[in-house]
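Nothing in this text is a laboratory measurement; each read-out follows from the coordinates by a stated rule. Computed from a predicted model, the values in this text were never measured in an experiment. Glycine gets a Cβ as well: all are built from the backbone with ideal geometry, and neighbour counts include every protein chain shown.
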Amino acid sequence: MTAQTPKYGQAEFLRDNIRRILAPNPSPMTFQGTNTYILGTDAVAVIDPGPNLDDHLNAILTATENGSQITHILVTHAHIDHSTLAARLSAITGAKIYAFGRAKDGQSDFMRQVEENGYTGGGEGIDHDFIPDVFLADGDQIVGKDWTVTALHTPGHMANHLCFAVGNALFSGDHVMEWATSLVSPPDGDLGDFMTSCARLGRQEWSIFYPGHGDCVGSPNERISWLVAHRHQREAEILTALAQGPNSARKLAEMIYTEIDQTLIPAATRNVFAHLLELANKHMILFDNPLSAETVFRLR
C-alpha cells in the first residue's frame, strides 16, 4: 500500500465509522491481501468478509466484540478472496448476507454466448457456492443504525460485482483500485460492461474509494479517467499488433506487455483476451470458433 501497510488481523480506523482489516492472503492477484471493512459503530456492516481463513474470521469477531454487533454482511462479488468467509460469519452472528446474486448472475448476453460457443476459460477463484440471503438490485439501499449504503451494480471485473456507496464515498471492490488495474477475465468478466460501469461511476463526483485491495483511492474521478484512457490505449496497441498479422491472445500479450514479470503473462493474456472479445463484439476483428487460449484473431 502507498501508506504504511496495516498489520494482518488488526482493525485500522480510516474514518470514525469505517475500519479496515487486512486479510492474510497476499498474492500477485490480491496484493498484500483482501481489505475487509467494518462500517458503523454499534450495529455494523462487514463489507467483503474475505477468504475463508480462521485467523481472519477471528480478527473480524475480535474487532466487533466490544459493543458492536454485526447486523449486515455485504459482498461486492463472488470471488473466493472476497466472499467465502461470508457463510461462516453469518452462521456465527446471525447477520444476513447481501449481494447482487450468485457468481453467474448479471452475465451479459455476449459472454453467455461466448460460453455456449465453447469457451469455458476464466473461472479464476470463482466462489460457485456463494448464495446471498438478500439479492440486491441496482440502486437498492441497505439501512443500518447509523449508516445507509446504496448498492450500485458495476459488472465488468465480474458479472455480479457491486460497489457500495455511502454518500460520496464508495466501497469499490475490485472495480477501481489504486495499486493495479482490474482484471477482466472472460467469460466471468466483460470488458464492455467494465467500460460502461466506469462511465457510470465517472458521472458522479466522489471523495474517496475504499477498494478490495491496496490503499484508499484519494482521487477517484481521476483514477477512473486514467483507467478508461488506459483501456483505450491497450485496445489501440492490440489493433496495431494485429495489423502485423493474425495472432493469439498469448502472443499478443507477449508483444505488448514487454516490461512486466513474465509470471504475470497469463494474467496479461486474459486481459488481452477480454479486449479481443470486445473488439469482436464491436465487429472490428474476426475469430474462428470454438474459442480457446490458442484462438487466432485477425482484423476484418
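Would you work out the charge dipole size for the range 188-229 about its Cα centre, treating the Cβ of every Lys and Arg as +1 and the Cβ of every Asp and Glu as -1, and quote it to the nearest 20 debye?
Once rounded to the nearest 20, the dipole reads 160 debye.
Where the centre of each part is set by its Cα atoms, how far does the range 28-56 sit from the range 65-94, in angstrom?
The range 28-56 and the range 65-94 have Cα centres spaced 8 Å from each other.
Grab the chain and count how many Lys pairs have their alpha-carbon atoms under 26 Å apart, sequence gap of 8 or more, or different chains.
4
Roughly how many nanometres apart are two label points built 7 Å out from the Cα toward the Cβ at A229 and F135?
Rounded to a tenth, the inter-label distance reads 4.1 nm.
Under a point spin-label approximation (7 Å from Cα along Cα-to-Cβ), what is the R88-T181 distance to one decimal in nm?
About 3.5 nm, to one decimal.
Provide Rg over Rh for the chain; use the alpha carbon set for both Rg and the Kirkwood Rh (inverse mean inverse pair distance).
0.98
Sticking with the crude label model, points 7 Å out along Cα→Cβ, report the distance from Q10 to T120 in nm, one decimal please.
Taking the simple label geometry, Q10 and T120 are separated by 4.6 nm.
With the contact rule set at Cα under 8 Å and sequence spacing of 6 or more, what percent relative contact order holds for the range 49-114?
Dividing the mean separation by the residue count of the range 49-114 yields 36 percent.
If you put +1 on each Lys and Arg Cβ and -1 on each Asp and Glu Cβ, how big is the dipole of the range 87-233 around its Cα centre, in Debye rounded to 20?
Result for the range 87-233 is approximately 240 debye, rounded to the nearest 20.
So what is the relative contact order of the range 12-219, in percent, for Cα pairs below 8 Å that sit 6 or more residues apart?
18
How much length, in nm to one decimal, is gained on full extension between V143 and E294, taken as 0.36 nm per residue of separation minus their Cα-Cα distance?
Between V143 and E294, full extension yields 49.5 nm more.
Gaussian network model of the chain, Cα springs within a sub-10 Å range: biggest mean-square fluctuation belongs to which of H283, H275, H72?
Evaluated over the chain, the most mobile residue of the options is H283.
Note the full-extension length gain between Q69 and T240 as 0.36 nm times their separation in residues minus their Cα-Cα distance, in nm to one decimal.
Length difference between fully extended and current span is 56.0 nm.
Among V217, V134, V143, V75, which comes first, then next, by fewest other beta-carbon atoms within 10 Å?
In order of increasing Cβ crowding within 10 Å: V143, V134, V217, V75.
Taking 0.36 nm per residue of separation and subtracting the Cα-Cα distance, what length does fully extending T196 through A43 add?
Taking 0.36 nm per residue and subtracting the Cα distance, the gain is 51.6 nm.
Taking the Cα centre as origin and putting +1 on Lys and Arg beta-carbons and -1 on Asp and Glu beta-carbons, what dipole magnitude results for the chain, to the nearest 20 debye?
380
What does a probe at T258 reach in the range 220-245, counting residues whose amide N is under 20 Å from the point 7 Å along Cα→Cβ?
230-245
Could you work out [θ]222 nm for the chain from helices alone, using -39500 (n - 2.57) per DSSP H run of at least four and dividing by all its residues? Round to the nearest 500 deg cm²/dmol.
-9000 deg cm²/dmol
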